[in-house]
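The values are calculated or read from the model by the stated rules, or taken from the named source; none is laboratory data. Source: prediction; values computed, not measured. Methodologically, a virtual Cβ is constructed for each residue, glycine included, from the backbone with ideal geometry; neighbour enumeration extends over all protein chains shown.
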Amino acid sequence: MAEQPSQPVQHPLTVVMKAKSPEDYAALRQAVEALQALPPDKNPITVAFNKIGTVHFGRFAFLGNDQLGVITTYDGDFDVYINEFIDNIGDVFNTLLAHVEDAPPLPVQTHRQEFLNYVHRVDCGCVEPFYSAYPEHTVLDILNVTRDGPS
């Protein structure tokens, strides 16, 4: 069995955001459920994931009765990753963050560094080591193999 490289190309992100109030939690839940009910080609998050091409997995999770988790595994540099999402779905973040405690100033498109700092602050990280079944392969590597077949 091959040994895992010390630094996989994938990185975990586990952002946990606390709603400002029960009403804000209900608004968060409604906004996320409405987005997720859209067909994939109309869901701005799915469209952004496909366009950016560095996200292995992404999901929302409601935690307790006052928190929203955004959990992804992505390739590459954190700042580049977050900035691509600001460029592609900044307005989605603006909608969600309007209901979150200690949110950065909005809009995120204007306050990029504050948003980057916020995501760092609310990222729960993971208990190391981060396991990957394919630690040296990016999303694009995997898509190329699945589209073209093994070489």
(message) Pull out all pairs, ordered by first then second residue, where Cβ-Cβ is under 9 Å, the residues are six or more apart or on different chains, the first lies in region 23-49 and is under 13 Å from residue 66 (Cα atoms) and among the basic types (Lys, Arg), and the second is surrounded by 11 or more Cβ atoms within 10 Å (Cβ to Cβ) and at pLDDT 95 or above.
(response) 29/19; 29/62; 29/68
(request) Check whether at least one residue in region 40-63 is among the β-branched types (Val, Ile, Thr) and more than 20 Å from residue 86 (Cβ to Cβ), and report yes or no. (result) no
(message) Just the residues that are among the β-branched types (Val, Ile, Thr), surrounded by 17 or more Cβ atoms within 10 Å (Cβ to Cβ) and modelled with pLDDT under 95, please, taken from region 95-145.
(response) 138, 139
(request) Give region 66-94 a look and list any residue that's surrounded by 15 or more Cβ atoms within 10 Å (Cβ to Cβ) and acidic (Asp, Glu), or say none. (result) 66, 75, 84
(message) Could you list, ordered by first residue, the pairs with Cβ atoms under 7 Å in which the first is in region 60-81 and small (Gly, Ala, Ser) and the second is loosely packed, with under 14 Cβ neighbours inside 10 Å, at least 6 apart or interchain?
(response) 69/61; 69/63
(message) Taking the criterion of being in a loop (DSSP other than H, G, I, E, B), touching a Ser or Thr at 6+ places or on another chain (Cβ under 8 Å) and closer than 25 Å to residue 22 by Cα, would at least one residue in region 102-117 satisfy it?
(response) no
(request) Among the residues of region 60-101, write down those that are assigned to a loop (DSSP other than H, G, I, E, B) and aliphatic (A, V, I, L, M). (result) 98
(message) Just to be sure before I move on: is residue 146 under 18 Å from residue 33 (Cβ atoms) and assigned to a helix (DSSP H, G or I) in the structure I sent?
(response) no
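Residue-by-condition table, conditions (1) assigned to a helix (DSSP H, G or I); (2) within 30 Å of residue 143 (Cα to Cα); (3) modelled with pLDDT of 95 or more:
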site: 28; (1), (2), (3): yes, no, yes
site: 41; (1), (2), (3): no, yes, yes
site: 47; (1), (2), (3): yes, yes, yes
site: 50; (1), (2), (3): yes, yes, no
